[in-house]
1. Of the residues in region 1-52, how many are of a type in the set (Val, Ile, Thr) and assigned to a strand (DSSP E or B)?
2. Suppose the filter is over 23 Å from ALA5 (Cβ atoms), open to solvent by less than 30 Å² (accessible area, probe 1.4 Å) and part of a helix (DSSP H, G or I); does THR179 pass it?
3. Which count do you get for residues in region 164-176 that are part of a loop (DSSP other than H, G, I, E, B) and of a type in the set (Ser, Thr, Tyr)?
4. Every residue in region 184-198 that is over 19 Å from the mean Cα position of the chain (by Cα) and assigned to a helix (DSSP H, G or I), please.
5. Kindly list, by first and then second residue, each pair from a residue in region 85-98 that is at positive phi to a residue that is open to solvent by 20 Å² or more (accessible area, probe 1.4 Å) and at pLDDT 85 or above, limited to pairs with Cβ atoms under 7 Å and residues at least 6 apart or on different chains.
6. Suppose we filter ARG95, ARG159 for residues that are of a type outside the set (Gly, Ala, Ser), surrounded by fewer than 20 Cβ atoms within 10 Å (Cβ to Cβ) and at pLDDT 80 or above; which single one remains?
7. Among (1) part of a helix (DSSP H, G or I); (2) touching a Gly at 6+ places or on another chain (Cβ under 8 Å), where does VAL63 come up short?
8. Could you give every pair whose Cβ atoms fall below 8 Å, whose first residue belongs to region 1-17 and is closer than 22 Å to GLY46 by Cβ and open to solvent by 10 Å² or more (accessible area, probe 1.4 Å), and whose second residue is among the β-branched types (Val, Ile, Thr) and in a helix (DSSP H, G or I), counting only separations of at least 6 or pairs across chains?
Amino acid sequence: MIRIAIVDDHAMIRAGLKQFFSDQPDFSVVAEANNGREALDIVRGGEVDVIVLDISMPDQSGVDALAGIKARAPDLPVLILSGFPEEHYATTLLRQGASGYLNKDCDPEEIVKAIRTVARGRKYITAGVAERLADGLNGGGDKPPHEQLSERELQVFLRLAKGETISHMADSMSLSVKTVSTYRTRVMEKMKLESNSDLTYYALKNGLIQ
């Protein structure tokens, strides 16, 4: 039996997934959460085999939650199920420890296949994502700037783009203000941007925030 935790801030989506998974003889939904902090509480409990995680959530985003989950349970498979298209986040999050990435518009049967795949310790990669990963390995020069960011830099970038202050970030990420400022400087340099409003514009233009 594959023990699944569903992490999504929309109760209807959680309910729909739970109902669909109940038809699978080898699936058991053992936990639900509506934000990243609750997801970390589930991980601490240790009674789950696969986490199905959304990206866009209040309080703590899926990007932040993924980093926290992998820090606490490096071998726990995390399948990203997101409303954002693959090209926006998939390759970045796979590099940062996700076991797979699917868009919420995918065929439900593909979610089942993906969960069974990641539960066996394998990555679930669609043909489109595989192509993007291959382009990266081949040194494709068209990689967008945000895909060049490290895990921490991506977290800081998305938080800044949403208007979060450096002091609030430092507190919620358990970092010093100086450290967060250093990450901000690196983000600006790598993305060749000059202000927080530039970051927000970039994120909106590229569909990284809503």
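1. 9
2. Values: over 23 Å from ALA5 (Cβ atoms): yes; open to solvent by less than 30 Å² (accessible area, probe 1.4 Å): no; part of a helix (DSSP H, G or I): yes.
No, not satisfied.
3. The total comes to 3.
4. ARG184, THR185, ARG186, MET188, GLU189, LYS190, MET191, ASN196, SER197, ASP198
5. GLY97/LYS70
6. Details: ARG159 fails: surrounded by fewer than 20 Cβ atoms within 10 Å (Cβ to Cβ).
Testing whether each residue is of a type outside the set (Gly, Ala, Ser), surrounded by fewer than 20 Cβ atoms within 10 Å (Cβ to Cβ) and at pLDDT 80 or above leaves just ARG95.
7. Result: VAL63 passes all but (2).
8. As it stands, the answer is ILE2/ILE115; LEU17/ILE111, since those pairs meet every condition given.
The values are calculated or read from the model by the stated rules, or taken from the named source; none is laboratory data. Everything numeric in this text was worked out from a predicted model, so none of it was measured. Using ideal geometry, Cβ is built from the backbone for each residue, glycine included, and neighbour counts are taken over all protein chains shown. Just the protein is used for accessible areas: all its heavy atoms, side chains included, with ligands, DNA and RNA removed. Shrake-Rupley method; radii C 1.70, N 1.55, O 1.52, S 1.80 Å.
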